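The structure appears below as structure tokens.
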Amino acid sequence: MSRFRMYPTCEQADVMLGHCAHARYVWNLAVEQRAHWQPGRKSAPGFAEQCRQLTEARRENAWLATGNADVQQQALKDFSRAITARVRSGAGEPTWRKKYVHEGFRVIGTGRVPEMQADGSPKLNAKGKQVMGRSVAVQKLNRRWAQVKVPGCGWVKFRLTRPELPQSKTFRITFKNDQWHVAFAIVPDPIDRPGTGAVIGVDRGVTITAALSDGRRLNCPQLSVKENAQIRKGQRRAARAPKGSKQKGTECAKVSVLRARQVNRRKDWCEKTSTMLARTYDVVRFEKLDIKSMTRSAKGTSSEPGTRVRQKAGLNRSILAQAWGLLHQRTQEKARGRVEDVPAPYTSLQCSACGWIEKNSRKNQAEFVCVSCGFACNADENAAINVAAGQGGISRPRCSAGAGGVTAATGRSSAREPRPSRVEIPLA
């Protein structure tokens, strides 16, 4: 997926907002139709039947008829794919799309270009004729700018951040945080392995986003102190402004721009870091983390309310700001078949030098001193070395350095005393 920033004119932005409203309206109609469909009757209408119903609705509804039919049909196509994903892969049920939250639409290419095979030869059908496929109309203006043809808007400029021009069959336009973006449906080729046999372990944390087993520490960029102060200032002004006033909308827009800047920095860092890992190492190992469970709210229920809810919410925000999942996902997509997940238990408590597992070895968040051999290093680096070695998921902590040996820290024998046999005591 190639994503670029768009810069439409005011007239083009108004037309595209209309496309967003039409696509959202058609999607919600499909959701409502499925919700009210009786289970005892035949199956719900598919994509072809819904397109026929859309044609009839466009005849009766003048507002819907003013929109582009292809954009509305693609919204139904997206809904059909969502239903298929729910049945095949267990995805969630499609839900309602809201204004100001789900602003976007998808466009399919109208151009006709010959399809090519993997070896570069033209693709032929059963009759020996060349297969023609759809293509999006894209033009390159110069080294930094290009334009794409949008239905009803003409050519819309976007910032070209890659040397090659994107070529795809479809693209999606989204509007969020007062910014327009276009995403072309392109499946990038995986990065070839360097062939050096190097293995790297990545330990993800809150203080250090990614600690590598070679000693490097990578941190995801965050907003500066000044930008955080501007966000707090804008939130206070928006809270004091009257509801629905122009001042409230202006302050909310300023906060949205800063939030979008933080997201863009996070995504840019993940793309660059994942590319570096895929190009430098043959095998990349991550500790296996259940991020969804780790960032679950502690609010609880009305009958069983949770404790320390605000503290847990702050921790959840800190975890999500590090983009653990996005870094793992992008690395897995670029280095296909070369990313391994290592179970996380005891990777931060095990000594990477002698293998001793002891809770007291971790003095604090950053310091690790083994109580057995005295090895000392950064705690995140020690965990990354264990991840690189694939040492994780131990069922229980080790109780001794060896069978019948003596521990170096306490000098106590590791041999256990035999347990007394179970004695059955008769009841009186």
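The values are calculated or read from the model by the stated rules, or taken from the named source; none is laboratory data. All figures in this text were calculated on a predicted structure; none of them were measured in a lab. A quick note on method: Cβ atoms are made from the backbone with ideal geometry, for glycine too, and the neighbour counts reach across all protein chains shown.
Regarding the stretch 188-198, can at least one residue be identified that is of a type in the set (A, V, I, L, M), over 24 Å from the mean Cα position of the chain (by Cα), under 30 Å from Ala335 (Cβ atoms) and surrounded by fewer than 17 Cβ atoms within 10 Å (Cβ to Cβ)? Within the stretch 188-198, one or more residues are of a type in the set (A, V, I, L, M), over 24 Å from the mean Cα position of the chain (by Cα), under 30 Å from Ala335 (Cβ atoms) and surrounded by fewer than 17 Cβ atoms within 10 Å (Cβ to Cβ).
For the stretch 81-95, does any single residue satisfy the condition of being in contact (Cβ under 8 Å) with a residue 60 or more places away in the chain and of a type outside the set (Ser, Thr, Tyr)? Checked the stretch 81-95: at least one residue is in contact (Cβ under 8 Å) with a residue 60 or more places away in the chain and of a type outside the set (Ser, Thr, Tyr).
Can we say Arg259 is touching a residue at least 40 places away in the same chain (Cβ under 8 Å) and over 21 Å from the mean Cα position of the chain (by Cα)?
no
Can you find even one residue in the stretch 327-344 that is over 30 Å from the mean Cα position of the chain (by Cα) and in a helix (DSSP H, G or I)? So far as the stretch 327-344 goes, no, none of its residues is over 30 Å from the mean Cα position of the chain (by Cα) and in a helix (DSSP H, G or I). Among the candidates Arg317, Arg330, Arg266, Arg336, the residue that is out of contact with any strand residue (DSSP E or B) (no Cβ under 8 Å at 6 or more places or on another chain) and farther than 26 Å from Ser213 by Cβ is uniquely Arg317.
For the stretch 52-63, the condition holds for no residue, the condition being that it is more than 29 Å from Ala137 (Cβ to Cβ), modelled with pLDDT under 90 and not in a loop (DSSP other than H, G, I, E, B). None of Ala298, Ala278, Ala313 is under 30 Å from Tyr346 (Cα atoms), aliphatic (A, V, I, L, M) and in a loop (DSSP other than H, G, I, E, B) except Ala298. Residues in the stretch 64-76 that are over 23 Å from the mean Cα position of the chain (by Cα) and in a helix (DSSP H, G or I): Leu64, Ala65, Ala69, Asp70, Val71, Gln72, Gln73, Gln74, Leu76.
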